Amino acid sequence: MDASAWDARYAAADLVWSAEPNVWVREVCGPLPPGRALDVAAGEGRNALWLVEQGWRVLATDYSPVAVARMVDIADRRLGARRAELTARVADATLPPPVVDGTAPGGTASDLVLLVYLHLPREEWRAALAAAVGAAAPGGVVLVVAHALRNLHEGVGGPQDPAVLLDPGDVVASAAGLPVDVDLAELRERPVEGADRPALDTVVLFRRRAS
């Protein structure tokens, strides 16, 4: 799905995604000390907005201009005095994040990078993960949340193309050669309201090596 298709999807609904943060983002990131964060493929900003409310300074990117405009609008209405802590930009997930006024917000590297439900063909996915790791500060973390391959037949929702689904082992393997260690790699069940079974999510947390 290209940017114009996502633009049409966002334009057709008041809110495509939940206003609440992803459950795994909340669980994994909640205990982390606030710092600089990058939310890649942020959509309407549900995770980025929540991070700002927890004290983070966030650069949120998406390649849909409609999604980014909606994120800005929601931030204007919701964040109050913390509005300046969110910067939203149109950007390609497979490329290094954009600079803002000559630098990334708060510095040149992020303490936390999110890749949440970013599903791409394998080569593009590996490029996106490499860009995310490249944007992380030494000692910083990269959180990947994805629809698992098993979700296609055993879960609910998510893409229906098995070629873009990611099990924990797939995510770990795609980081081969990158300067990261694996802190967490799990398959988790996520309750879905109105569904008779949970969704199956991949949750992987990388930590960028200090060297």
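Throughout, read-outs are computed from the coordinates displayed, never taken from laboratory work. Treat the numbers as computed from the prediction; the structure is a model and nothing was measured. Virtual Cβ from ideal backbone geometry, glycine too; neighbours counted across all protein chains shown.
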Mind checking the full-extension length gain between Arg150 and Asp181? Use 0.36 nm per residue of separation minus the Cα-Cα distance, one decimal, nm.
8.7 nm
In a Gaussian network model of the chain with springs linking alpha carbons closer than 10 Å, the residue among Gly80, Gly140, Gly158 that fluctuates most is Gly80
Over region 113-204, what is the mean sequence separation of C-alpha contacts under 8 Å (at least six apart), divided by residue count, expressed as relative contact order in percent?
31
Which of the GluC sites (Glu not before Pro) found in region 156-206 are in a DSSP loop and have at most 11 neighbouring Cβ atoms, other than their own, within 10 Å?
Glu193
The chain: relative contact order as a whole-number percent, Cα under 8 Å and 6+ apart
16
So, in nm, how far is label Asp196 from label Arg78 when the simple model puts each one 7 Å beyond its Cα toward the Cβ?
3.3
Using only Cα atoms, locate the centre of region 33-88 and the centre of region 173-211, then give the distance between them in Å, rounded to an integer.
22
Counting only other residues whose beta carbon sits under 12 Å from that of Val72, what net charge do I get with K and R as +1, D and E as -1?
+1
What's the ranking of 172-182, 34-44 by average number of surrounding C-beta atoms within 10 Å, highest first?
34-44, 172-182
Pair Glu20, Arg122: separation of 7 Å Cα→Cβ label points (nm):
3.6
Under a point-charge model restricted to the Cβ atoms of Lys and Arg (+1) and Asp and Glu (-1), what is the dipole moment magnitude of region 40-83 relative to its Cα centre, in debye to the nearest 20?
160
With all pairs of different alpha carbon atoms counted, what Kirkwood hydrodynamic radius in Å does the chain show?
17.2
How big is the charge dipole of region 3-208 about its Cα centre, in debye rounded to the nearest 20, if each Lys and Arg gets +1 on its Cβ and each Asp and Glu gets -1 on its Cβ?
420
